[in-house]
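Worksheet: the structure to be examined is printed underneath.
What follows is calculated from the coordinates using simple rules that are stated; it is not laboratory data. Treat the numbers as computed from the prediction; the structure is a model and nothing was measured. Cβ sites come from the backbone with ideal geometry, for glycine too, and all protein chains shown count toward neighbours.
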Amino acid sequence: AQSVTQLDSQVPVFEEAPVELRCNYSSSVSVYLFWYVQYPNQGLQLLLKYLSGSTLVKGINGFEAEFNKSQTSFHLRKPSVHISDTAEYFCAVSYSSNTGKLIFGQGTTLQVKP
Amino acid sequence: DTAVSQTPKYLVTQMGNDKSIKCEQNLGHDTMYWYKQDSKKFLKIMFSYNNKELIINETVPNRFSPKSPDKAHLNLHINSLELGDSAVYFCASSQVDTRTDYGYTFGSGTRLTVV
């Protein structure tokens with residue numbers, strides 16, 4: 001079955017510390033991978049995406065993610081977080097290029113503490 | 001200009017009522033979606049239309065009926081509302097056919113509360 005697993009439901013971290021949010025997906029021949037951020041009472045905003053090419057993808061707000069095909073992972077990283085990064089983060093995978101359907105992980109709450 | 005706009009933003013209604021949520025996108029995308037986000041923030045796809053044609057219809061009660069009058073609009077009508085329908089409903093759009101960009105653009109959501 002096609003699935004996406006975000007391994008941590010909550011990640012507390014101090015301001016200016018590095019952070020990694022983990023995402024694994026069920027294996028498939030080809031996938032497209034995404035990270036979205038949701039601030040309180042708002043819609044989802046695209047942080048970054050992997051479609052093909054370089055496995056290291058850079059996104060907005062200083063975030064980056066690395067596609068690892070052998071480990072079927074797409075972990076999100078930021079070297080130094082800010083209070084304003086406090087939000088819900090969703091990993092999503094498209095297994096079908098024909099429909100554009102995205103399957104989302106359960107979400108990870110990033111709590112940045114001063 | 002808002003790229004994907006949903007109305008209303010909040011909707012409080014009684015059980016048994018019928019309600020509609022409207023969505024419009026001005027991005028020229030060919031595909032639109034409805035997602036439901038439950039109280040645990042889990043996002044699940046409900047429907048998808050590509051150029052007004054239904055292409056995804058997940059296991060959703062028949063009380064939910066999407067309608068796409070043109071490729072820029074996708075509405076969601078819900079009959080006989082139940083308590084369990086309370087959730088945040090997100091509309092999204094993407095460009096699929098030209099295969100240049102699969103990222104979704106989301107609306108800001110409609111928070112439906114059934115009492």
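Which of the lysines could a cross-linker span from B:Lys19 if the Cα-Cα distance has to be under 19 Å and same-chain partners fewer than 8 positions apart are dropped?
Partners found: B:Lys9, B:Lys36, B:Lys67.
With label points built 7 Å along Cα→Cβ from the Cα atoms of B:Asn26 and A:Thr5, find their separation and express it in nm.
4.4 nm
Sequence gap of 8 or more, or different chains, plus Cα separation below 21 Å: how many lysine pairs satisfy both in the range A:4-113?
Close lysine pairs found across the range A:4-113: 9.
Averaged over its residues, how many other protein chain Cβ atoms are within 10 Å of peptide A:100-110's Cβ atoms?
6
Putting +1 on Lys and Arg Cβ atoms and -1 on Asp and Glu Cβ atoms, find which of B:His29, B:Ile78, B:Ile55 reaches farthest to the positive end of the dipole of chain B.
It is B:Ile78.
Using a Förster distance of 25 Å, how high is the FRET efficiency between A:Ser80 and A:Ser54, based on the Cβ-Cβ distance and rounded to 0.05?
It comes to 0.65.
To the nearest 20 Debye, how big is the dipole of the protein assembly as shown about its Cα centre, given +1 on the beta carbon of each Lys and Arg and -1 on that of each Asp and Glu?
Values: 21 positive and 20 negative charges, 46 e Å.
Magnitude of the dipole: close to 220 debye.
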